[in-house]
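Worksheet for the structure shown next.
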Amino acid sequence: MTDDFFSSALEELERRSLTRRPRVFEACDGRTVTFGGAKYLLFCSNDYLGLSHDERIAAAVMEGVAKYGFGSGGSRLISGTRPPHAELEAAIARYLRAEAAVSFGSGYCANTGIIPAVAGRGDAILADRLNHASLTDGCRLSQADFFRYPHADTAALEKLLVKTSSARNRWIITDGLFSMDGDAAPLDVICGLAEKHGARVYVDDAHAFGVLGENGRGSASLCGVEGRIDLTVGTLGKAAGGTGAFAVGKKSVVDYLVNKARSFIFSTAMPPAAAEGNLKAVEILADCGERRREFLDSVRAFGDGLKRLGFAASSESYIIPLVIGGAAEALAAANAFWEKGIFIQAVRPPAVPEGGARLRLTLSHRQSPQDREAVLSAIGTIIVGR
Ligand SMILES: Cc1ncc(COP(=O)(O)O)c(C=O)c1O
């Protein structure tokens, strides 16, 4: 019986072009991936600043392994904390000008642990409909009343704030830079509404951390609302090039999370060497203005290239959705890029809404101007000329 259940579920996925299989790449250097002995230009990683292969970070990790071994051997509150964990948290708080920070094993763990810690029965969560899955899962786990407003629709958000005025605590939860659409949340308006209606603001800044805003401090800096966000989550696996995540806020908020966030308490601590590598990455992020400028210039140049092709991009950032619609058609388009030596992954439901299958094209500091030209030319034939 169970076999029937699994095979018919898999057949249904196949029928709808929604089956997923991890592709095993023999190598990746941040700019290309190698598959079956051939190299493909990589245009779908989250390695925006190209730090995943940074030698300074790799050296810090190796020194960390030499000093601390590999595993942490326990959860953070039992035996798993070493100096690099504390130093990493202090460095993140310093960089983001926050009172305190706490690290997590991943962004998924952070959101699914933090949201149920800060919201529960009697509370209300108002969330952007296009939030990342980890936020949505955290909201569902929390047992708070959960409302979703249409993407970036602050008028709809305000109606929900009025409707939920009797809730004990209210949280507005949003991505900072939307992971699948590449546009920025209107945090200035959101913070104003939160202040007007007595709600708190939670921003998942996974994709803006390290890149956008002054010195890469992220969406709050970009929107001029630093100091007005109650809780910010960021990940270390994207622009920082490493692994893990963090939350920053007031010291009382962080101390509360250390005591209440179940994914912090009941999970093995990040390997100390990984914390050492992440610490080096945060130090680099705090002092890499030129790399960031070069990258953002290349993002602008790529946007101009799209305009020249007559492609109306819905994002001006380094996450550019090439929306196709159907899942099968998105797979076919990804395949057409692959045949031209370019890897851009098709993203299908449930990662995006039904009918919104797309290629999620991303830019990285590792790509050369020639790489980007090759991709623009392929977009001209595969997408614009469709
Ligand atoms: C907005 C957002 N939050 C959280 C995550 C999860 O982070 P991690 O990959 O560290 O689990 C992602 C990952 O893609 C994301 O895009």
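Residues whose amide H falls under 5 Å from that of Cys44, counting only those 5 or more places apart or on a different chain, are Thr362, with hydrogens built in the peptide plane.
What shape does the chain take by its C-alpha gyration tensor, where a ≥ b ≥ c are the square roots of the eigenvalues and a/c under 1.5 counts as rounded, a/b above b/c as prolate, and the rest as oblate? Since a/c stays below 1.5, the shape of the chain is classed as rounded. In the chain, Cα pairs under 8 Å separated by at least six residues give a relative contact order of 23 percent.
Per residue, the accessible area of the chain comes to 45 Å² when a 1.4 Å probe rolls over the protein heavy atoms.
Which parts of region 33-56 would a label at Glu373 reach, counting a residue when its backbone N lies under 18 Å from a point 7 Å out along Cα-to-Cβ? So the set is 41-42. Of the beta bridges in the chain, as assigned by DSSP with both residues counted there, near 60 percent are antiparallel. Here, region 55-285 is characterised by an Rg to Rh ratio of 0.98, where Rg is the alpha-carbon radius of gyration and Rh the Kirkwood radius.
The Cα trace of region 58-157 gives Rg and Dmax of 17.7, 55 Å, the first to one decimal, the second as a whole number. Shown in residue order for region 362-377 are the 3J(HN,Hα) couplings computed by the Karplus curve 6.51 cos²θ - 1.76 cosθ + 1.60 at θ = phi - 60°: 10, 9, 9, 4, 6, 6, 8, x, 5, 4, 5, 4, 4, 6, 4, 5 Hz (x for Gly and Pro).
The loop-placed trypsin sites (Lys or Arg not before Pro) in region 1-59, going by DSSP, that have at most 14 neighbouring Cβ atoms within 10 Å of their Cβ come out as Arg16, Arg20, Arg23.
Surface composition of region 234-386: carbon and sulfur atoms hold 52% of the protein heavy-atom accessible area at a 1.4 Å probe.
A P(r) calculated from all alpha carbon pairs of region 211-273, with 5 Å bins opening at zero, reads 4, 14, 21, 24, 19, 13, 5, 0 percent. Along the chain, the longest continuous region that contains none of the chymotrypsin sites (Phe, Trp or Tyr not before Pro) in a DSSP loop with at most 13 other C-beta atoms within 10 Å is 71-265. Normalised by residue count, region 2-133 yields a Cα convex hull volume of 269 Å³ per residue.
Taking amide hydrogens as placed 1.01 Å from N in the peptide plane, the amide H of Arg148 sits under 5 Å from those of Ala127, each at least 5 positions away in sequence or on another chain. Under the convention that each Lys and Arg Cβ holds +1 and each Asp and Glu Cβ holds -1, the size of the dipole of region 55-285 around its Cα centre is about 640 debye. Note on the chain: dipole from Cβ charges, positive end direction compared against Val323, His85, Ser45; the farthest Cα belongs to His85.
Region 49-100 and region 189-245 have Cα centres separated by 21 Å.
Summary value for region 299-386: 32 percent relative contact order, contacts being C-alpha pairs under 8 angstrom separated by 6+ residues. The stretch between Asp29 and Arg94 holds 20.4 nm of extra length on full extension. This uses 0.36 nm per residue minus the Cα-Cα distance.
Which aspartates and glutamates have a Cα less than 12 Å from the Cα of Lys163, not counting those fewer than 8 places away in the same chain? Output for Lys163: Asp145.
For Gly249, the amide hydrogen comes within under 5 Å of the amide hydrogens of Glu99, Ala100, counting only partners 5 or more places away or on other chains and with H modelled in the peptide plane.
For region 55-285, the relative contact order comes to 32 percent (Cα pairs under 8 Å, sequence separation of at least 6). Approximating the spin labels as points 7 Å out from Cα along Cα→Cβ, the Ala58-to-Ala86 distance works out to 3.2 nm. Leu322 sits among other residues whose Cβ lies under 12 Å from its own Cβ, and their net charge, with Lys and Arg +1 and Asp and Glu -1, is +1. Sequentially through region 101-115, phi angles give Karplus couplings (6.51, -1.76, 1.60; θ = phi - 60°) of 9, 9, 9, 9, x, 7, x, 4, 4, 4, 5, 6, x, 6, 4 Hz, Gly and Pro residues having no value and appearing as x.
Couplings for region 45-62, taken from phi via the Karplus curve 6.51 cos²θ - 1.76 cosθ + 1.60 with θ = phi - 60°, read 8, 9, 8, 4, 9, x, 8, 5, 10, 6, 5, 5, 6, 4, 5, 5, 5, 5 Hz in order; Gly and Pro are left as x. Maximal additional length on extending the Asp304-Glu290 stretch stands at 2.9 nm, based on 0.36 nm per residue less the C-alpha distance.
Cross-link reach is defined here as a Cα-Cα straight distance under 24 Å, omitting same-chain residues fewer than 8 places apart; for Lys307 the lysines meeting it are Lys340. In a reduced charge model with +1 at each Lys and Arg Cβ and -1 at each Asp and Glu Cβ, the chain shows a dipole moment near 380 debye about its Cα centre.
The values are calculated or read from the model by the stated rules, or taken from the named source; none is laboratory data. This is a predicted model, so every value here is computed, not measured. In this analysis, Cβ positions are derived from the backbone assuming ideal geometry, glycine residues included, and neighbour counts consider all displayed protein chains. SASA here: full protein model, heavy atoms, side chains in, ligands and nucleic acids out. Shrake-Rupley method; radii C 1.70, N 1.55, O 1.52, S 1.80 Å.
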